[in-house]
Amino acid sequence: MDGNTGRGKQLIQSYGCGSCHTIPGVHAARGVVGPPLMFFSRRTMIAGELPNSPENLIRWIRDPKAVEPGTAMPTLGLTEYEAHDVAAYLYTLR
């Protein structure tokens with residue numbers, strides 16, 4: 001998986017992902033609106049819609065409503081590079 005895990009963690013913090021998700025290693029990421037993201041790399045599905053792969057995760061991160069129109073997950077406007085970095089961090093969660 002390409003992407004910078006350190007930048008990914010910083011982006012997760014700056015975009016406020018922890019207001020909806022519990023994310024290990026991310027300060028104050030204790031949200032309960034979305035699913036907890038611990039053990040993310042072990043999951044078989046993303047959002048119950050897509051097989052868990054880097055390409056699908058990046059697609060989900062960048063435009064969740066294109067995958068699941070009724071989702072509460074907001075489209076945050078991440079660039080392709082930012083999405084790669086966020087995905088790289090999430091795949092460290094074993």
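Just so it is clear, none of the values below were taken in a lab; they were calculated from the coordinates. What you see is a predicted model; the values in this text were computed from it and never measured. No Cβ is skipped: glycine too gets one built from the backbone with ideal geometry, and neighbour counts run over all protein chains shown.
For the structure I just gave you, tell me whether Arg94 is part of a helix (DSSP H, G or I), at negative phi and either in contact with a His (Cβ under 8 Å, 6 or more places away or on another chain) or not aromatic (Phe, Trp, Tyr) (or both). It is false that Arg94 is part of a helix (DSSP H, G or I), at negative phi and either in contact with a His (Cβ under 8 Å, 6 or more places away or on another chain) or not aromatic (Phe, Trp, Tyr) (or both). Test Gly25 against the criterion of being surrounded by 15 or more Cβ atoms within 10 Å (Cβ to Cβ) and small (Gly, Ala, Ser), and give yes or no. When the stated conditions are applied, Gly25 does not pass them. Please tell me if Arg59 is within 20 Å of Met1 (Cα to Cα), surrounded by fewer than 19 Cβ atoms within 10 Å (Cβ to Cβ) and among the charged types (D, E, K, R). Taking the combined requirement at face value, the residue satisfies it. So, of the residues in segment 18-45 that are without any contact (Cβ under 8 Å) to a residue 40 or more places away in the chain and not in a loop (DSSP other than H, G, I, E, B), which turns out to be nearest to Tyr81 (Cα to Cα)? Looking at residues that are without any contact (Cβ under 8 Å) to a residue 40 or more places away in the chain and not in a loop (DSSP other than H, G, I, E, B), I get Gly18.
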